[in-house]
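Working notes for the structure below.
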Amino acid sequence: MDWVRIFWIILTGAIPGFLATWLGIGGCFLRIPMMMTLLRLPIKCAYAVNMAVISITTIPGVLTHYRNKHVYSKGVMVSSIAAAVGVALGTQLAMLTPSLTLKSIFGITCMGVGIYMLYGIEEGIEKE
């Protein structure tokens with residue numbers, strides 16, 4: 001593996017990881033397009049790598065937030081089980097969906113979430 005490719009791999013981890021924790025967003029909306037562009041990975045491969053990265057990299061963030069009492073303990077197990085079911089179903093659906101369709105859905109979803117964040121979300125009640 002050449003040094004340029006290693007550099008791109010580092011960037012596809014570091015930039016989304018930093019922004020995800022700083023902004024409280026999932027890094028996939030950056031990581032997946034970066035892997036497709038910089039590493040030339042097909043979208044389904046980028047999805048799979050992203051899932052593997054998330055499974056490892058979320059642990060330090062969860063532990064830190066748990067220590068700072070930011071984790072809603074009562075809801076975390078129910079939400080985790082529901083998320084696991086959603087991931088299992090979503091993974092199967094992604095494997096059955098043509099890559100071009102998957103790219104379109106991914107892009108439209110990212111734009112929709114962005115528009116919602118800008119114009120449709122209200123501030124939650126802070127406990128501080």
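From Pro98, Pro60, which residue is over 21 Å from Ala20 (Cβ atoms) and not β-branched (Val, Ile, Thr)?
Pro98
Considering (1) modelled with pLDDT under 85; (2) part of a loop (DSSP other than H, G, I, E, B); (3) closer than 18 Å to Ile25 by Cβ, say which one His70 fails and leave the rest.
All conditions are met except number (1).
Which residues, taken from the stretch 20-32, are within 21 Å of Ile6 (Cβ to Cβ) and without any contact (Cβ under 8 Å) to a residue 40 or more places away in the chain?
Gly27, Leu30, Arg31, listed by residue number.
Given the conditions (1) among the hydroxyl-bearing types (Ser, Thr, Tyr); (2) within 12 Å of the chain's Cα centre (by Cα); (3) farther than 24 Å from Gly114 by Cα, report the number of the one that Tyr72 does not fulfil.
So Tyr72 meets the others, but not (2).
Out of all the residues in the stretch 27-57, which are surrounded by 15 or more Cβ atoms within 10 Å (Cβ to Cβ) and either of a type in the set (Ser, Thr, Tyr) or over 22 Å from Leu100 (Cα atoms) (or both)?
Within the stretch 27-57, Tyr47, Val53, Ile54, Thr57 qualify.
If I ask for residues that are of a type outside the set (S, T, N, Q) and closer than 20 Å to Leu19 by Cα, which ones from the stretch 30-46 would you list?
Result: Leu30, Arg31, Ile32, Pro33, Met34, Met35, Met36, Leu38, Leu39, Ala46.
Spot the failing condition for Leu11; the list is (1) at pLDDT 90 or above; (2) out of contact with any Phe, Trp or Tyr (no Cβ under 7 Å at 6 or more places or on another chain), and only one is missed.
Result: Leu11 passes all but (1).
Which count do you get for residues in the stretch 80-108 that are in contact with a Phe, Trp or Tyr (Cβ under 9 Å, 6 or more places away or on another chain) and either over 19 Å from Ile54 (Cα atoms) or surrounded by fewer than 11 Cβ atoms within 10 Å (Cβ to Cβ) (or both)?
1
Could you look through the stretch 74-115, keep only residues that are among the hydroxyl-bearing types (Ser, Thr, Tyr), part of a helix (DSSP H, G or I) and under 13 Å from Tyr47 (Cα atoms), and pick out the one that is modelled with the highest pLDDT?
Going through the qualifying residues, I end up with Ser99.
The values are calculated or read from the model by the stated rules, or taken from the named source; none is laboratory data. Note that this is a predicted model, so its numbers are computed, not measured. Using ideal geometry, Cβ is built from the backbone for each residue, glycine included, and neighbour counts are taken over all protein chains shown.
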